[in-house]
Amino acid sequence: MHLTFHTDYALRMLIYLAVCPDGQARVGDVAERYDISRNHLLKVALELGRLGYVTTTRGRSGGISLARRPQDINLGAVVRHMEDDFGLVECMRAGGACCISPSCRLKGIVREATKAFLSIFDNYTLADLAMDKTALRSLLDLGQGRGKVSSVA
């Protein structure tokens with residue numbers, strides 16, 4: 001199984017927000033802490049906002065923050081929302097074709113494996129990922145004074 005960078009970055013952004021001392025951050029700060037593309041992370045933030053996981057506020061005191069409590073954000077739901085394609089083999093992709101599809105059982109086995117993969121994520125919430133706030137804040141260099149925001153961008 002493979003998660004896209006889009007989903008990886010979404011989960012990391014949610015972790016950051018869950019442990020951020022003031023609960024709000026700038027996309028640029030999150031990108032800097034994780035050393036990932038700010039432009040890509042901005043797209044992730046906008047998608048998370050559209051899906052109702054974060055709120056985005058523009059302006060001087062703007063930023064991003066969780067729209068739900070960490071215990072109310074199910075990881076399986078996040079992964080399903082962020083991934084755009086679970087077609088792991090050609091016959092499962094739009095327009096995909098394979099000459100043995102009519103007799104092959106691979107598609108069913110891959111569907112079963114994908115369901116099992118996602119069911120593990122279903123057992124956890126963002127609160128589970130952010131359980132060790134002290135260690136995560138230290139690793140992300142999020143002291144009480146960090147994380148002040150001035151804009152979403």
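Every residue in the range 33-71 that is of a type in the set (D, E, K, R), part of a helix (DSSP H, G or I) and more than 20 Å from Leu129 (Cα to Cα), please.
Within the range 33-71, the subset of a type in the set (D, E, K, R) is 33, 35, 38, 43, 47, 50, 58, 60, 68-69.
Checking the rest, the ones that are also part of a helix (DSSP H, G or I) come to 33, 38, 43, 47, 50.
Scanning the range 33-71 gives Arg38, Lys43, Glu47, Arg50.
For the structure I just gave you, tell me whether Thr134 is in a strand (DSSP E or B) and at pLDDT 75 or above. Criteria not met by Thr134. So, in the range 3-22, of the ones that are surrounded by fewer than 18 Cβ atoms within 10 Å (Cβ to Cβ) and touching a residue at least 60 places away in the same chain (Cβ under 8 Å), which residue ends up nearest to the chain's Cα centre (by Cα)? That would be His6. Residue count for the range 44-60 satisfying the condition of being among the charged types (D, E, K, R), under 17 Å from Ile15 (Cα atoms) and exposed (fewer than 15 other Cβ atoms within 10 Å of the Cβ): 0.
Does His81 qualify as being surrounded by 14 or more Cβ atoms within 10 Å (Cβ to Cβ) and either out of contact with any helix residue (DSSP H, G or I) (no Cβ under 7 Å at 6 or more places or on another chain) or modelled with pLDDT under 90 (or both)?
Working: surrounded by 14 or more Cβ atoms within 10 Å (Cβ to Cβ): yes; either out of contact with any helix residue (DSSP H, G or I) (no Cβ under 7 Å at 6 or more places or on another chain) or modelled with pLDDT under 90 (or both): yes.
The answer is yes for His81.
Can you name the residue in the range 61-70 that is out of contact with any Leu (no Cβ under 7 Å at 6 or more places or on another chain) and within 19 Å of Ala31 (Cα to Cα) and, of all such residues, is surrounded by the fewest Cβ atoms within 10 Å (Cβ to Cβ)? Result: Ser61.
The values are calculated or read from the model by the stated rules, or taken from the named source; none is laboratory data. Keep in mind that this is a model prediction, so the values were computed, not measured. Positions of Cβ are generated from backbone atoms using ideal geometry, with glycine treated the same way; all protein chains shown enter the neighbour counts.
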